[in-house]
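Here is the structure we will look at.
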Amino acid sequence: MTAVLDKPATAPSERRVVKRRFRRPTVGAVIVYVAAAALAVLWLLPLLWALSTSLKTETEASLGQDIHWIPQDWSLDGYRTLFERGDHLTWMINSTIVSTIVTVLTLLLCVLAAYGFSRFDFPGKNVIFGAIVAGLMVPGQALIIPLFDLVNDLQLAGTYWGLALPQVVAPVMVFILKRFFDAIPRDYEEAAKLDGAGHLRVLVSVIVPLSGPIMAAVAIFTFIGSWNNFLWPLLVATDPSMMTLPVGLGVVSGGYGLFYAQNMAAAILGALPLLVVFLIFQKQIVNGVAGVGLK
Amino acid sequence: MTVKTEAPAEAPAAMTRPPNPAGAKKKSWTGLWFVLPFAAFYALFLVWPTFLGLYYSFTDKSLTGRPASWIGLDNWTEAFGDERAWSALWNTAEFTLYSTPPLVVLAIVLALLVNRARKLGWFLRMAFFAPFVVPVSVVTMIWIWIYQPDGGLLNHYLQLLGIQDAATPTIWLQGETTAMWSVVITTVWWTLGFNFLLYLAALQTIDPSVYEAASIDGASWWRQLAHLTLPLLKRTTGLVIVLQLIASLRIFDQMYLMTAGGPNRATEVAIHYIYIAGFEGYRIGYASALSYVLFVLILIVSIVQFRLFSRKED
């Protein structure tokens, strides 16, 4: 997706150049602020409505009742029923395990590969690199049928590994990291090598510490992508006890039927983990997306 | 984590082509060891399935596990004559056609607003981007609830505003014409934040002095937008449109969860039909042929993207 990214996503120095200039509040500015704030509130309404519904009793939440944004009859029953059912917690744990495996493996494999491509010349390099470039254009969704068959043959269907491993292949991340590594001056490594450090040691003690922000971006995006992946886990995890959160919520919770308070409690709890991740890593995420577009 | 940003971020400008000290790049097998683990995964989970799928498309392989046999082009001729497949492709195209314009135009509008409302920057960015990190099933759960014909939030307000008669509420997700639009609206709400951030980032790299010069020349805000800002955003718009095309061709999740392809298959999209053929009809061979049709379509768009943007890099 990002054949475009050729520079590290994080360029705060660049951003600071475009510092806000002092502007006297004009009518235009007031309109801009009001319009922007109104749209932002509008954008948040669906989430707020879900939150509001989740804090009502089932009776108040049911259809045909008057619409109240502030619950008339506050209640945590929706959440309590959810925890009594227990499956939500199972899915959350499954999602955490799968996304963690995917993120750790992606980071590990891509950092190694990016370093190899960035710093070495070896037989077959161009062929392998070319194959990975081509892979940028292969849509994963169009491969589900043979991939499913493969995972079945490997006897990984319905396991954490079956859920995680096919998601690890991320050519894009290799490119992003390689571009970043390419830009790191060799002098640092030469110094380490003079001290007798091997290649792996140079990677771990010189390159990796210099690549904190870009590795954080890769990790966060991989984690979010894997956490929100729907199609693959839908195919592989057919047993409710192995489902990830999006699949469990979509397939099983859809069957909660008319219990809207419980339904929205599930939605809010389903949204919460990544919203928290987003709030914590807002800067890295915003810069990471920005990096896709900047040349 | 962020303290260290400065050092490497500045480096690329100074050293686009780093010097090549003797010994650092001589041909040896060492580099291969670093690349090998990734390459092995890549070969197993991407390259191999790509060819396996092509092979299956020429067989009558079934999910039931009975032995498969070579049937030549039968799957392919069937696919090209399959009305349900064409209709699924058409629905995919329709979704793309409806969703792309708002996802581009609204993203520009929001980015322009946020770029000028700097003091609310953090809150605005959060508000518009937050839905993007929410899992698809949460998104669809919330919107199914909003779209409820009787007593749902949307119809409630439409009736309050007098746009809709309470006696004939719109059945959003079950109506043949409204179902597609309902999913489009949900998708715009869900994914707009990504495009918005792309535009915002592009806007923030525009040198303010460009505008100062234009202001001195007396150019109005509209003229500045039409003759300065939008042309400067051309590259970003190209990127957004291509990424959007690729994403829309792969549409499945929202449709599956919100309408299950209905009503009357009005929202059955390409991936959904592949899923049905493979996992409900057990026809792996046929589903593989269908996959390859979609594969080629996405590939064409991707190649356009690749050419469009790798050229501009130089």
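Each Lys and Arg adds +1 at its Cβ and each Asp and Glu adds -1 at its Cβ; summed about the Cα centre, chain B shows a dipole of about 1260 debye. Taking a straight line from the alpha carbon of residue B:61, these aspartates and glutamates sit under 19 Å away, with near neighbours fewer than eight places off in the same chain left out: A:149, A:153, B:74, B:78, B:82, B:280. So for chain B, averaging the separation of alpha carbon pairs under 8 Å that are six or more residues apart and normalising by length, what relative contact order in percent results? Computed over chain B, the figure is 27 percent. Is the shape of chain B rounded, prolate or oblate, going by the alpha carbon gyration tensor and its root eigenvalues a ≥ b ≥ c, with a/c under 1.5 for rounded and a/b larger than b/c for prolate? Cα axes put chain B in the oblate bin. I'd like to know which of A:238, A:98, A:223 lies farthest towards the positive end of the charge dipole of chain A, counting +1 on Cβ of Lys and Arg and -1 on Cβ of Asp and Glu. Farthest along the dipole direction, towards plus: A:223.
Note on chain A: with a GNM built from Cα contacts shorter than 10 Å, the maximum mean-square fluctuation among A:66, A:182, A:239 falls on A:66. As a proxy for reagent exposure, ranking A:30, A:277 by other Cβ atoms within 10 Å from fewest up yields A:30, A:277.
Taking only DSSP H segments of four or more residues, each worth -39500 (n - 2.57), what value at 222 nm results for chain B once the sum is divided by all its residues, to the nearest 500 deg cm²/dmol? Write out the running numbers ahead of the final one.
Numbers: 15 runs with 200 residues, N = 314.
One gets -20500 deg cm²/dmol as the mean residue ellipticity at 222 nm.
Residues considered: A:71, A:240, A:139. Largest GNM mean-square fluctuation over chain A, using C-alpha springs under 10 Å, is found at A:139. Screening chain B for whole DSSP H helices of 24 Å or more along their axis (Cα) with average Kyte-Doolittle hydropathy at least 1.0 returns B:178-204, B:284-313. Separation of the range B:33-99 and the range B:260-296, taken as the distance between their Cα centroids, equals 10 angstrom. Put a dot 7 Å past the Cα of residue B:176, heading toward its Cβ, do the same for residue A:279, and the two dots end up 4.7 nm apart. From the residues B:42, B:161, B:297, which one has its Cα farthest along the dipole of chain B in the positive direction, the dipole being from +1 and -1 charges on Cβ of Lys/Arg and Asp/Glu about the Cα centre? The residue sitting farthest along the positive end of the dipole is B:42.
With a/c under 1.5 counting as rounded, go ahead and sort the protein assembly as shown into rounded, prolate or oblate using the C-alpha gyration tensor (a ≥ b ≥ c being the square roots of the eigenvalues; past the cut-off, prolate if a/b is larger than b/c, else oblate). Oblate is the answer for the protein assembly as shown, as a/c is 1.5 or above yet b/c matches or exceeds a/b.
Hydrophobic, long helices, defined as DSSP H runs whose alpha-carbon span along the helix axis is 20 Å or greater and whose mean Kyte-Doolittle value is at least 1.6, occur in chain A at A:27-54, A:260-280.
The range B:155-223 and the range A:40-79 have Cα centres lying 25 Å from one another. Computed over chain A with a Gaussian network model linking Cα atoms closer than 10 Å, the most mobile of A:205, A:241, A:226 is A:205.
We did not get these values from a lab; they are worked out from the coordinates using the rules stated. Predicted model only: the values in this text are computed from it and were never measured. Note: ideal-geometry Cβ built from the backbone for every residue, glycine included; neighbour counts use all protein chains shown.
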